[in-house]
Structures are given as C-alpha cells and as structure tokens.
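This report concerns only the one structure given below.
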Amino acid sequence: MTARIGVVTFPGTLDDQDALRAARLAGAEPVSLWHRDKDLKQVDAVVLAGGFSYGDYLRAGAISRFSPVMESIIEQAKAGMPVLGICNGFQVLTEAHLLPGAMLRNNHLHFICRDQKLRVENAETAWTADYEQGQEISVPLKNMDGRYVADERTLDELEAEGRVAFRYLDMNPNGSLRDIAGVTNAAGNVVGLMPHPEHAVEPLIGTGGTDGLGFFTSILKKLVNA
C-alpha cells in the first residue's frame with residue numbers, strides 16, 4: 001500500500017503545492033488537507049508547509065495553531081504520527097508546543113531569500129534517516145521571522161539530547177541562537193526547520209539540486225517499513 005502524506009493549507013500558505021509535489025516525487029501519495037477540516041483523511045504523515053498563514057498577524061503561526069486541523073494533528077503527533085513543519089509550519093509547531101522554542105523577527109529586520117548550507121546534526125529522526133550525521137546540504141531559505149530562540153536551559157537540553165536537527169553553515173542568516181536551523185521532539189517524529197527542502201527535490205528548480213528530497217524519502221521508507 002502506498003504511504004499517504006498530507007499537506008495542510010492555511011489561508012496564506014504558499015508552498016503547499018511544492019510539498020505535495022515533493023511527496024509525489026518521493027513515491028508517496030500526496031493528500032491535500034484543509035485547515036478547517038479536522039479529518040486527516042487517513043494520512044500516514046503530515047507536512048505543514050511554508051507561507052504566511054493568516055498574514056502572520058499577532059505572531060507567525062499564532063492563529064493557525066488554533067485551526068481545527070491542528071486539533072487532530074496535535075493529537076496524532078503525540079501518538080507518534082510523523083509531522084514536518086517547514087518555515088511557517090515550523091512556526092506553527094512551536095506555537096502548538098509540539099516543538100520547543102519560538103521564532104522571532106530576523107535580527108537584521110529584513111526578509112531573506114537565498115540558498116542556504118546546512119549541516120545535518122541528527123540523522124535518526126523520521127524525516128532525516130536518509131541523511132548522514134554531519135552531512136552538508138543546500139536548500140533554499142526565505143523568511144522574515146526565522147530567528148530561533150529559546151532559554152539557555154532549553155538550548156542546553158536540545159544539545160545534550162541530540163535534538164538539534166539542522167544547523168546553519170557559513171553564515172547565520174537570521175540570528176538564530178546557536179545557529180539552529182531545525183529541531184526535533186524527543187521521539188523524533190516531529191521535526192521543524194526554517195529552510196525549504198521541498199524547493200530542492202529536482203534539478204530544474206530551487207537550488208538545481210536534490211538535497212531536500214531526503215526528507216520525503218526518509219519518511220516514505222519509515223512508513224513502508226513500519
């Protein structure tokens with residue numbers, strides 16, 4: 001049976017079609033999920049795509065966190081369903097307390113759009129198993145509120161428990177503490193990051209490489225072998 005990967009669309013989501021395409025290229029069945037519908041349509045994993053849900057009013061992700069679909073996602077994530085939050089999706093996951101920390105305005109106060117080098121710090125999550133720890137990849141980055149912050153105790157816990165999933169290389173594009181680009185929960189089924197792997201899945205678009213495809217092949221293999 002083909003694994004089903006759901007991609008949520010909120011008002012203001014921009015990259016849902018890209019995430020659906022990435023899931024399809026990896027060999028999964030992509031399923032569109034609407035923010036007002038609690039029904040997850042029997043998907044095996046969920047992607048919260050990038051964009052500016054609800055115009056980033058209040059805080060990025062703060063309103064989306066209360067959408068009906070999030071009730072189901074929070075419940076299923078706590079039960080072990082794999083969930084990936086990309087950019088705005090990462091912001092939603094922190095607002096929903098599925099991941100620790102918070103996202104603030106970039107320290108230079110400008111929107112940034114560039115290809116970004118990352119180092120894979122944890123290759124044992126549901127979404128990163130097709131990478132090697134220490135592997136360097138390049139995927140597009142585009143955000144205004146991408147600065148990852150947390151208190152020192154939380155940061156120390158993330159480091160000690162191996163829950164920093166990705167770290168920025170060469171430059172810190174937004175002032176994220178400890179160069180953190182993405183984190184995972186303790187169970188490894190929920191991962192969030194600011195850069196956009198769905199824009200690096202085929203040579204024709206994005207970076208011109210396929211460094212981001214590993215997110216989607218990783219989860220596909222985990223679901224097939226579960």
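Give region 97-116 a look and list any residue that's of a type in the set (A, V, I, L, M, F, W, C), in contact (Cβ under 8 Å) with a residue 12 or more places away in the chain and part of a loop (DSSP other than H, G, I, E, B), or say none. Working first, answer last.
Here is the first cut: in region 97-116, the residues of a type in the set (A, V, I, L, M, F, W, C) are 98-99, 102-104, 109, 111-113.
With the extra rule that they be in contact (Cβ under 8 Å) with a residue 12 or more places away in the chain, the set shrinks to 98-99, 102-104, 111-113.
Within region 97-116, LEU98, LEU99, PHE111 qualify.
Please verify whether THR94 is in contact with a strand residue (DSSP E or B) (Cβ under 8 Å, 6 or more places away or on another chain) and in contact (Cβ under 8 Å) with a residue 40 or more places away in the chain, treating the condition exactly as stated.
Criteria met by THR94.
Of all residues in region 42-57, count the ones that are in contact with a Leu (Cβ under 6 Å, 6 or more places away or on another chain) and more than 19 Å from GLN17 (Cβ to Cβ).
1
Tell me which residues, restricted to region 15-61, are in contact with a Lys or Arg (Cβ under 9 Å, 6 or more places away or on another chain), assigned to a loop (DSSP other than H, G, I, E, B) and open to solvent by 70 Å² or more (accessible area, probe 1.4 Å).
Within region 15-61, LYS41, GLN42 qualify.
Scan region 133-163 residue by residue and report those that are among the β-branched types (Val, Ile, Thr) and surrounded by fewer than 21 Cβ atoms within 10 Å (Cβ to Cβ).
So in region 133-163, the residues among the β-branched types (Val, Ile, Thr) come out as 137, 139, 149, 154.
Scanning region 133-163 gives VAL149, THR154.
Going by the structure shown, is LEU99 over 23 Å from SER64 (Cβ atoms) and either in contact with a helix residue (DSSP H, G or I) (Cβ under 6 Å, 6 or more places away or on another chain) or open to solvent by less than 40 Å² (accessible area, probe 1.4 Å) (or both)?
No.
Take THR2 and tell me if it is of a type in the set (Val, Ile, Thr), at pLDDT below 95 and touching a strand residue (DSSP E or B) at 6+ places or on another chain (Cβ under 7 Å). Reasoning before the result, please.
Numbers: of a type in the set (Val, Ile, Thr): yes; at pLDDT below 95: yes; touching a strand residue (DSSP E or B) at 6+ places or on another chain (Cβ under 7 Å): yes.
It is true that THR2 is of a type in the set (Val, Ile, Thr), at pLDDT below 95 and touching a strand residue (DSSP E or B) at 6+ places or on another chain (Cβ under 7 Å).
Any residue in region 152-169 that is more than 12 Å from GLY134 (Cα to Cα) sitting within a Cβ distance under 7 Å of a residue that is open to solvent by 70 Å² or more (accessible area, probe 1.4 Å)? List the pairs, counting only those 6 or more apart or interchain.
Listed by first residue and then by second, the contacts come to LEU155/ARG178; GLU161/ALA186; ARG163/ALA186.
The values are calculated or read from the model by the stated rules, or taken from the named source; none is laboratory data. These figures come from a predicted structure and were not determined experimentally. Backbone-built Cβ (ideal geometry, glycine too); neighbour counts: all protein chains shown. The area values use the complete protein model at the heavy-atom level, side chains included, leaving out ligands, DNA and RNA. Shrake-Rupley method; radii C 1.70, N 1.55, O 1.52, S 1.80 Å.
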